[in-house]
Structure formats: structure tokens, C-alpha cells
Amino acid sequence: MRFDNSEQLFARARRLIPGGVNSPVRSFGAVGGTPPFIVSSSGAHVRDADGNEYLDFVGSWGPLILGHAHSAVVEAVQRAAADGTSFGAPTERELELAELITRAMPSIEMLRLVNSGTEAAMSAIRIARAYTGRSKLLKFNGNYHGHADGLLVKAGSGAATYGIPTSAGVPLGYAAETLVAEYNDLASVEAVFDANVNQVAAVIVEPVAGNMGVVAPAEGFLTGLRKLCDDNGALLIFDEVITGFRVAYGGAQERYRIRPDLTCLGKIIGGGLPVGAYGGRAEVMQMVAPLGPAYQAGTLSGNPLATAAGIACLQELSKPGVYETLEALGAQAEAGLRAAGGAAGVPVTVERVGSALTVFFTAPPVTTWVEAASADTGQYTAFFHGLLERGVYVAPSQFEAAFVSLAHTTEDIAFAAEQAREAMASL
């Protein structure tokens, strides 16, 4: 494949945009090379500025569960745009989207629409602090909840160690309010609570980790978090920006039968347009202005184009058989990747929940960040470029998810598996 036009565009972009991209992972920094500049898409495929076509398993990092340019979403956006692109005033579509979400997730009694997953997580944490009167937050090593200052931290030498910033520009004092435990390790969570009695406002968790690659919750982990929060007077926040309407119509909380106090949503509820939401128990959400003292606002929140797209997307997802189809396609993709590794004699493990999955270049199962970090990123880089050259587009990082959409066919999955076998054989 040639990337002449993409290379020229990337050179222009680097003069004006930091790193040439508007979100770091797009730069291909983890895998090297020039990112293809995408110009169009349809169904399960995208096309770049050089005319190369790819079978896409990035799906805009998850929200395009119906596939690219789905007719119901495109038509809804076109109709909405004809009425006006932004009002900064209430619309009926905001209410319709809220009704769809609350029916799907009974733990959400009230919600507020925002513009991104980062904004949703930041706001949910503020509300949790306002409700509990406590300042500290517990998050997990390897979980990502957006780029708000207090969330860009990593674990120290022990489970109960205060977080330290992983980004310049984050004050140490702010980061110190964030405590870090190990995902799938309840003992580490208990240690944090024991060391910070009556100080933890909330535990925020990706119920299925998606930002260290896909890692499923261990048996009893989410139930244990629910109990530890209840026992210690803290709120439990599920960050379902990736898992909401992806691993089940009602998200991970439906799949694992856990009821969080607050939920963060994004991605799919906008049908591919910028949107997010946070919501939960009414008594907690009543802390939000104008009802309560915790302020949060946004001129574009509930944007009419985003809500129209979100309504169309969720209505499609509510049809019978949707999640059975996604589960079957995800299982086929998992089996194909495992078989490709076996045929090539390359040690791999494939972690999957529903239609989200990650192939790790390591033999043992991956259940924690430490295990994920032990994967061979060099092999993943070679695998990534091998797939790209063969017309299959996956995430340019070992520590991201691949997403199967309803636009993918069994033939698409079989094709991807064959390209994966060839790419692995060349490692």
C-alpha cells in the first residue's frame, strides 16, 4: 500500500497540531509509521486519502456499533440539522434520549447529558464528592476515565499509595486526592479503605477494563466492590463509556447484575457524534445545579444532532436478536485470532467480552494491568502493520480494544482471521 497523500497531510498537520493529531493514540506513536488519513466510510469499511480500503475494527473507538454511516443515524442527523444545529436551550430529543437510557439502565434514575466521556467522569466524581462530603477518589491501575487532572495518576509502590501524576501540568496536591488499587484485586481495595477511613468519596471503575486492552472482571470482583463501597459509605461509579450498550443493551451492569450508584456513558449514546452522560440515584443526582450546590454546565450539552443520532442508534440496538448477533460475531473473531496464533506458533491470548476484544502477545490469560503490561508490544507492532498492509485496520496500540459491529459479516470475520494468520506467520 502507498501512503503518499497521508504522509503529506501528516506533515502539514504536524506544523499546526501537536503531534499532528487531535488525540495522541492517532499519531501511531506506539507502533510507528504514518497514520492513514480517513476520508470516507461505509458499513464495516473505511477509506483513506490514498484510496486504500480497510476492514475496520476500530469503529471510532467503539461507538459505531451499527457500522459506519448507518442509514438510520445519517437520516436522523440530516433531519435534525435541517431544524438547526444548536440552540443552547431545552429540546424534546434530550428527553427522549434520557428516557431510552433510563429504561435500559434502571440504576439511572436521573441523568445529565454532557459532551464526552471525560466530562461525564469528571462530573460524576464532583457529584460524588458533593454528596458524601469526602474528597478522595479510588481508581484502578490500568483503568482510564478521561484526561481530567485528578484521573491522570498511576499506582505507587503499594496498593494504598497516593497517586502521582502521569502527565505534566497536574499538581501533586490534586493528584494526591486520587488513590490507586489493582483491578481484579479486592484486597488492594480493602487496603486503600483501611488506610483512608471515612475519606473515600467514591470508587470509579471500568466494569470491563477497556483501556489496558479488554480485561474482564474476575468472578466476585464487582460484587466485592459493591459491598466494600456500602460498608465504607462510598459511592460506586461505573465508567461505562465503552461498555454501555456495547456488552449488553443495559451495559456491564446488566451483564454482571451489579447496580452502581452513578454511571458514566459516552460513545454509543451519540451514535458516533460527540456526547456523554452521567446519572444514577435520584438523591445523588439532586446535588447537581440547579437543584443542588454542585455546579456543572455546558452550552452544547444535549446538542440536537448528537441526541438525534443517539436516539436512532439506541432504537436500532433495542431490536430483537442484536446482542446475540454481536456475541456470535465476537466469538468468531476470538476463535479466529486464537487459531491464527496457534497456526503461526505465536503465543497469544485473546480476551473478549461480547463484541469487544484484544489479542495480547503473551501466553497466560490477562486479568490485571501487570499481566497486560507483560505482553510483547514489539510483536503487536509488527502484527498491526501486517494487518494494515493486508487491509485490516485495528487499534494502533496493544492496550486498546478491537470492536465488532453489526455491519461486520461472518465473511468479514473469516477474512480478518486469515489476514491475522498470515500477519502472525510473518512475525
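The values are calculated or read from the model by the stated rules, or taken from the named source; none is laboratory data. On a predicted model such as this, the values are computed, not experimentally measured, just so you know. Backbone-built Cβ (ideal geometry, glycine too); neighbour counts: all protein chains shown. All accessible areas refer to the heavy atoms of the entire protein, side chains included, with ligands and DNA or RNA removed. Shrake-Rupley method; radii C 1.70, N 1.55, O 1.52, S 1.80 Å.
Residue count for region 94-149 under the criterion of being at negative phi and over 18 Å from the mean Cα position of the chain (by Cα): the result is 30.
Filtering region 38-90 to residues that are assigned to a strand (DSSP E or B) and either open to solvent by 60 Å² or more (accessible area, probe 1.4 Å) or hydroxyl-bearing (S, T, Y) (or both) leaves I38, V39, S40, S41, S42, R47, E53, Y54. Answer yes or no: is there a residue in region 303-312 that is at negative phi, part of a loop (DSSP other than H, G, I, E, B) and surrounded by fewer than 24 Cβ atoms within 10 Å (Cβ to Cβ). No, because not a single residue in region 303-312 is at negative phi, part of a loop (DSSP other than H, G, I, E, B) and surrounded by fewer than 24 Cβ atoms within 10 Å (Cβ to Cβ).
If you filter region 330-368 down to residues that are touching a Pro at 6+ places or on another chain (Cβ under 7 Å) and among the polar types (S, T, N, Q), you find that the one that is farthest from S405 (Cα to Cα) is T362. For first residues located in region 134-152 and within 17 Å of L236 (Cα to Cα) and of a type in the set (D, E, K, R), partners that are modelled with pLDDT of 90 or more and in a loop (DSSP other than H, G, I, E, B) and lie 6+ apart or on another chain with Cβ distances below 7 Å form the pairs R134/Q199; K136/E177; K136/N196; K136/Q199; K139/H145.
Conditions tested, residue by residue: (1) of a type outside the set (G, A, S); (2) within 20 Å of the chain's Cα centre (by Cα); (3) over 27 Å from Y256 (Cα atoms).
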{"position": "G342", "(1), (2), (3)": "no, no, yes"}
{"position": "V359", "(1), (2), (3)": "yes, yes, no"}
{"position": "T368", "(1), (2), (3)": "yes, yes, no"}
{"position": "Q379", "(1), (2), (3)": "yes, no, yes"}
{"position": "Y393", "(1), (2), (3)": "yes, yes, yes"}
{"position": "F403", "(1), (2), (3)": "yes, yes, no"}
{"position": "A420", "(1), (2), (3)": "no, no, yes"}
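On the basis of being part of a helix (DSSP H, G or I) and either open to solvent by less than 30 Å² (accessible area, probe 1.4 Å) or over 30 Å from R2 (Cβ atoms) (or both), does G386 make the cut?
yes
Scanning region 172-221 for residues that are modelled with pLDDT of 95 or more, open to solvent by 50 Å² or more (accessible area, probe 1.4 Å) and hydrophobic (A, V, I, L, M, F, W, C) turns up L186, A187, A195, V197.
A Cβ distance below 7 Å, combined with a sequence gap of six or more or placement on separate chains, defines the contacts here; from region 105-117, residues that are over 13 Å from V241 (Cβ atoms) and touching a residue at least 40 places away in the same chain (Cβ under 8 Å) reach residues that are open to solvent by 70 Å² or more (accessible area, probe 1.4 Å) and assigned to a loop (DSSP other than H, G, I, E, B) in the pairs S107/R259.
Can you pull out every residue in region 228-257 that is more than 13 Å from the chain's Cα centre (by Cα), open to solvent by 20 Å² or more (accessible area, probe 1.4 Å) and closer than 23 Å to R126 by Cα? Let's see the steps before the verdict.
Taking region 228-257 as the starting set, the residues that turn out to be more than 13 Å from the chain's Cα centre (by Cα) are 228-237, 248-250, 253-257.
Those still in the list that are open to solvent by 20 Å² or more (accessible area, probe 1.4 Å) too: 228, 230-233, 249, 254-257.
L228, D230, D231, N232, G233 - these are the residues of region 228-257 that are more than 13 Å from the chain's Cα centre (by Cα), open to solvent by 20 Å² or more (accessible area, probe 1.4 Å) and closer than 23 Å to R126 by Cα.
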